[in-house]
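The values are calculated or read from the model by the stated rules, or taken from the named source; none is laboratory data. Note that the coordinates shown come from a computational prediction; the quantities given were computed from them, not determined experimentally. Positions of Cβ are backbone-derived with ideal geometry, glycine not excepted, and every protein chain shown enters the neighbour counts. Just the protein is used for accessible areas: all its heavy atoms, side chains included, with ligands, DNA and RNA removed. Shrake-Rupley method; radii C 1.70, N 1.55, O 1.52, S 1.80 Å.
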Amino acid sequence: MSGLAVRIIPCLDFKDGRVVKGIKFENLIDSGDPLERALVYEEQSADELTFLDISATVEGRKTMAAEVARIRKRLSIPITVGGGIGSVGDAARLLESGADRVSVNSAAVRNPSIVDQIAGQFGVQCAVVAIDAAKNDTMPSGYEVKIAAGAVATGLDAVAWAREAASRGAGEILLTSIDRDGTNLGYERELTRRVARAVGIPVVASGGASKLEHFLEGYQSGASALLAAGIFHRGEVSIIEIKKYLASHNVEVRL
Amino acid sequence: MIERPKLIIVETGVANLASVRALAERLDLEPEVSGDPELVARAPVVILPGVGAFGPAMEKLAGAKLVRAMRARVSAGLPTAGICLGMQLFFEESEESPGIRGLGILKGKVTRLPTALPLPQLGWNRIEPEKSARLLERGWVYFANSYGVDAANLAALNYAEAGEGTTSQHQSRFEFFSATTTYGAPFISAIEGWSENKPSLILCQFHPELSGRFGTELFARWLELNSIRREA
C-alpha cells in the first residue's frame, strides 16, 4: 500500500477572472467570487484545486493571473492552473502568481518540447499534461487525443501520447474523457486503466463523475486523483461524502 | 504600526515562491526573497524553499556565497527551515545530481524514492513523528517529491563533521528528532533540530505551505518555540 491518499479535486472554470459554471452552495450567497468558492472547497477537505481558464483574450488571461494571486494568498492547498498555456512564459507567469502546477494541453500536442522545458525549468512536479481523449477504434489503444477543447482530432493515440508526455518530464497526466464529460455516466474506466498502466506518473481521472460509486471506480481503474466540477458546484455530492464512501471501501483518504 | 518580523526566503532561482510567501503572511511575518549572504546569515528567520533540482539550486547557492551563510546561521542556532528540495540541500549529496556537494550540514545522502509506485509522489500522506519529537505532530501533509532521505539514515542522523565553520561541538550541541512517511518504503519526512532548548532547525520533505491548517500550525508552533512569534 502506498500510504498516499487518493486526491479529490474540484475544478473551477474561469472566464475573464470569473467562475462561469453554475454554482450553488447551501448557506452561501452566490457572489460569483472564485476566492469564496475556493475557500469553501478547502474547508470541505478538497485535496487541491484545479482552475481552468477558458478566456479567449489576452486581457482575460491577465485577469486570470491576478485571480490566482489573490486566491493563493488565502488558500493553503495546492492549485493547478490550465487552459491556454502556450509557452514557458505563460507557465512562468502563472507559477509566479501562485499556481503550484500548470497544465498544458493543445500547446503540448503542437509542440511537445514545451513539456521538457516546463519540467526542466520548474521541476517535473510542476508540469501537468492535460489530455482530452475520445473513443476511436482505429487507434491502437482505442482512444484518440483531441485538442482545442475537443474540436480538433489529432490522429494521436491517447496512451502513446501519455507515455511520450511522461518521458518528456510530465509529472502528472490530467486525463479527461470527452465522451463522458458532462454525461454523469461516470469516469471512462478503460481509458483511465490503460493510461495509468502505461505511465509511471500519477493520473487524474476527469469527466463524467456524478455518483459516489464513480469515484470508487475511478480509483479502482488506477487513478491517483479524481476530478469533478458540476456536481460539487451544484452541491449534489460533497467532498466529505465521497471521502467517507471511499474510506468505507478501504481506500486511503485524507479526512 | 508595529513592524512584523522579516522572514527571508533564500533565492534559489525558482519562480514559484508565492505559496511560501503566503505562508509567511499567514504567520504574520514579512516575506522577502533575498540572495544576500549577510542577510541570510543574520536574519531572524530564514526558509530555504523547495522547488527545482538539487544541482542547479546548489550552484546558485554556491555562486551567491550562500553556502557559508547558511552553515553559519544554523551553527549559530538561528531559526532556519528547509522545505522539500530545501530540506534535501542540507545533506551531503543527492542521487539527483551526482558529484554536486550539498550544504553538508547534516550527514546523509538523498536518493530516489525506492518504489514501484508512481513518481513523483504527489499528494497527501501521513507523517509519523518519533515519540521523543517535541515539535512535530502526526498528521496529513502534502508532498511533491521523487527524491528523499531514506529512513536508513535515521540512526546516523547528525550534524556533519568537520564542515567549514563548524566544530565537533556542534555534534553534541544539536539534538535531532524526526518523522517518517511511507511511500512504498519509509523515508525521513521531517526533522526538528534542537539546540539550547529551541528547535532552531526544521526541515520538511513535505510542503507546509500547501498542507492546509496543519502546515500553518506547525510553523506557528516552531516560531513560538523560537520566540519569534507569539499567539495573538
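Quick notes on this structure:
- Checked against the criterion of being within 25 Å of B:Leu85 (Cβ to Cβ), in contact (Cβ under 8 Å) with a residue 24 or more places away in the chain and in a helix (DSSP H, G or I), the candidates A:Ile71, A:Ile77 yield just one match: A:Ile71.
- Condition check for B:Ala190: open to solvent by 10 Å² or more (accessible area, probe 1.4 Å) and touching a residue at least 40 places away in the same chain (Cβ under 8 Å): no
- Of all residues making up segment B:134-151, the number that are open to solvent by 20 Å² or more (accessible area, probe 1.4 Å) and among the small types (Gly, Ala, Ser): 1
- The numbered conditions (1) of a type in the set (Gly, Ala, Ser); (2) in contact with a Ser or Thr (Cβ under 6 Å, 6 or more places away or on another chain); (3) at pLDDT 95 or above are all true for B:Gly215 except (2).
- Scanning segment B:28-49 for residues that are farther than 19 Å from B:Ala76 by Cα, buried (at least 20 other Cβ atoms within 10 Å of the Cβ) and touching a residue at least 60 places away in the same chain (Cβ under 8 Å) yields a single hit, B:Leu29.
- Here segment A:207-218 is the region considered, the condition is being among the hydrophobic types (A, V, I, L, M, F, W, C) and in a helix (DSSP H, G or I), and the residue that is nearest to the other protein chains (Cβ to nearest Cβ) is A:Phe215.
- Residue match in segment B:63-82 (condition: more than 21 Å from B:Glu192 (Cα to Cα) and in a loop (DSSP other than H, G, I, E, B)): yes
- Residue selected from segment B:50-59 under the condition in contact with a helix residue (DSSP H, G or I) (Cβ under 8 Å, 6 or more places away or on another chain) and either open to solvent by 30 Å² or more (accessible area, probe 1.4 Å) or aromatic (Phe, Trp, Tyr) (or both), by the criterion farthest from the other protein chains (Cβ to nearest Cβ): B:Phe54
- Any chance B:Phe214 is surrounded by fewer than 24 Cβ atoms within 10 Å (Cβ to Cβ), part of a helix (DSSP H, G or I) and in contact with a strand residue (DSSP E or B) (Cβ under 9 Å, 6 or more places away or on another chain): yes
- Positions within segment B:13-27 being open to solvent by 50 Å² or more (accessible area, probe 1.4 Å) and in contact with a strand residue (DSSP E or B) (Cβ under 8 Å, 6 or more places away or on another chain), in sequence order: B:Arg21, B:Glu25
Each row is one residue, and each column tells you yes or no for (1) modelled with pLDDT of 95 or more; (2) closer than 22 Å to A:Thr176 by Cα; (3) among the aromatic types (Phe, Trp, Tyr).
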residue: A:Tyr219; (1), (2), (3): yes, yes, yes
residue: A:Ala225; (1), (2), (3): yes, yes, no
residue: A:Gly230; (1), (2), (3): no, yes, no
residue: A:Glu241; (1), (2), (3): yes, no, no
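Residue-by-condition table, conditions (1) within 10 Å of another protein chain (Cβ to nearest Cβ); (2) part of a helix (DSSP H, G or I); (3) of a type in the set (A, V, I, L, M); (4) open to solvent by 10 Å² or more (accessible area, probe 1.4 Å):
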residue: A:Leu35; (1), (2), (3), (4): no, yes, yes, yes
residue: A:Val40; (1), (2), (3), (4): no, yes, yes, yes
residue: A:Ala46; (1), (2), (3), (4): yes, no, yes, no
residue: A:Glu67; (1), (2), (3), (4): no, yes, no, yes
residue: A:Gly86; (1), (2), (3), (4): no, no, no, yes
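- Selected residue (only one of A:Gly169, A:Gly142, A:Gly123 is open to solvent by less than 20 Å² (accessible area, probe 1.4 Å) and modelled with pLDDT under 95): A:Gly123
- Subset of segment B:87-132 [in a loop (DSSP other than H, G, I, E, B), more than 10 Å from chain A (Cβ to nearest Cβ) and hydroxyl-bearing (Ser, Thr, Tyr)]: B:Ser97, B:Ser132
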